[in-house]
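J.: Below: one structure in structure tokens.
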Amino acid sequence: MTELSFIHRYEPATDPTRPPLLLLHGTGGDESDLLGLGRTISPGSALLSPRGKILENGMPRFFRRLAEGVFDEEDVRLRANELADFVAEARRAYGLEAPVAVGFSNGANIAAAMLMLRPEALSGAALLRAMVPLSDAPKADLAGKRVLITSGAMDPIVPAENAKRLAASLSESGAEVQHEILPTGHNLSQTDLQLMVRWFSR
Ligand code: MLT
């Protein structure tokens, strides 16, 4: 594996018409977690899958938090920029276009922060169980970027109101947002997969 600034896995594209995916795992996951999901939702896409650099009781994450759902926002900013720099590095190393982020939970939250702070790093994002990552994010220009958000109506970690605020703020910044609220909790369901397959094939 090419030496870059994040431990990661990379699978080259087999279908050049498909966008590269930046796969971002949840708390306690790693760079292998979402490869299968990536192959299912966008077959033939190049897959770029880094491991979060923060360890919380041994569990990898993409930024520090003070408590569940309470983020260290200075660290969110630092880590979102660091991850955007990695994406730029990987694009040069592997010859990739700007990827679509596919993030679950903590991975969705860092992807949302990247959209707000470094919009050029991503061409779009599928955010699974995401919440608002920054209380005072700068106004980004997200025109032309598609964002899918899937939330769980019974999610004990992400309040429904918070996910709605995220969707509203991304669409106020110009993104084409599709927000789906599913009758489930924090874990992914079959419906998340079906929604992503449909969203990617559009
Ligand atoms: C986070 O810390 O990003 C959220 O609480 C989601 C999680 O990782 O549990």
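Read the figures in this text as sums done on the coordinates, not as results from a lab. Please read these numbers as outputs of a predicted model, since none were measured by experiment. Note: ideal-geometry Cβ built from the backbone for every residue, glycine included; neighbour counts use all protein chains shown.
J.: With a cut-off of at least 2 residues that are polar (S, T, N, Q) and surrounded by 14 or more Cβ atoms within 10 Å (Cβ to Cβ), name the strands (runs of 3 or more DSSP E) lying wholly within the range 16-95.
T.: Where strands (runs of 3 or more DSSP E) fall fully within the range 16-95, none carries at least 2 residues being polar (S, T, N, Q) and surrounded by 14 or more Cβ atoms within 10 Å (Cβ to Cβ).
J.: Then there is this: Restricting to the range 124-154, what's the tally of residues that are within 16 Å of the ligand (Cβ to nearest atom), out of contact with any His (no Cβ under 8 Å at 6 or more places or on another chain) and without any contact (Cβ under 8 Å) to a residue 40 or more places away in the chain?
T.: 6
J.: Determine whether Arg92 is of a type in the set (Lys, Arg) and within 16 Å of the ligand (Cβ to nearest atom).
T.: No, not satisfied.
J.: Kindly indicate whether any position in the range 127-137 is among the hydrophobic types (A, V, I, L, M, F, W, C), surrounded by fewer than 23 Cβ atoms within 10 Å (Cβ to Cβ) and out of contact with any helix residue (DSSP H, G or I) (no Cβ under 8 Å at 6 or more places or on another chain).
T.: Among the residues of the range 127-137, not one is among the hydrophobic types (A, V, I, L, M, F, W, C), surrounded by fewer than 23 Cβ atoms within 10 Å (Cβ to Cβ) and out of contact with any helix residue (DSSP H, G or I) (no Cβ under 8 Å at 6 or more places or on another chain), which makes the answer no.
J.: A further question follows. Take the range 101-137 and flag every residue that is out of contact with any Lys or Arg (no Cβ under 8 Å at 6 or more places or on another chain), farther than 15 Å from Glu82 by Cβ and in a loop (DSSP other than H, G, I, E, B).
T.: If the condition is that a residue be out of contact with any Lys or Arg (no Cβ under 8 Å at 6 or more places or on another chain), farther than 15 Å from Glu82 by Cβ and in a loop (DSSP other than H, G, I, E, B), then Arg129, Ala130, Met131, Ser135, Asp136, Ala137 are the ones that fit.
J.: Return only the number of the condition from (1) farther than 16 Å from His25 by Cα; (2) within 13 Å of the chain's Cα centre (by Cα); (3) not basic (Lys, Arg) that Ala108 does not satisfy.
T.: Only one criterion is unmet by Ala108, namely (1).
J.: Those residues that are away from the ligand (no atom under 16 Å from the Cβ), small (Gly, Ala, Ser), assigned to a helix (DSSP H, G or I) and surrounded by 14 or more Cβ atoms within 10 Å (Cβ to Cβ), I need them from the range 155-187; list them, please.
T.: Those that are away from the ligand (no atom under 16 Å from the Cβ), small (Gly, Ala, Ser), assigned to a helix (DSSP H, G or I) and surrounded by 14 or more Cβ atoms within 10 Å (Cβ to Cβ): Ala167, Ser169, Ser171.
J.: Cβ-Cβ under 9 Å, sequence separation 6+ or interchain: first residue in the range 44-72 and hydroxyl-bearing (Ser, Thr, Tyr), partner outside any strand (DSSP E or B) and within 10 Å of the ligand (Cβ to nearest atom). Which pairs?
T.: Close Cβ pairs satisfying both conditions: Ser49/His25.
J.: Got a number for residues in the range 96-108 being surrounded by fewer than 18 Cβ atoms within 10 Å (Cβ to Cβ) and of a type in the set (A, V, I, L, M, F, W, C)?
T.: Number of matching residues: 0.
J.: Sticking with this one: Is it fair to say Val197 is part of a helix (DSSP H, G or I), under 27 Å from Gly36 (Cβ atoms) and in contact with a Ser or Thr (Cβ under 9 Å, 6 or more places away or on another chain)?
T.: Judged against the criteria, Val197 is a match.
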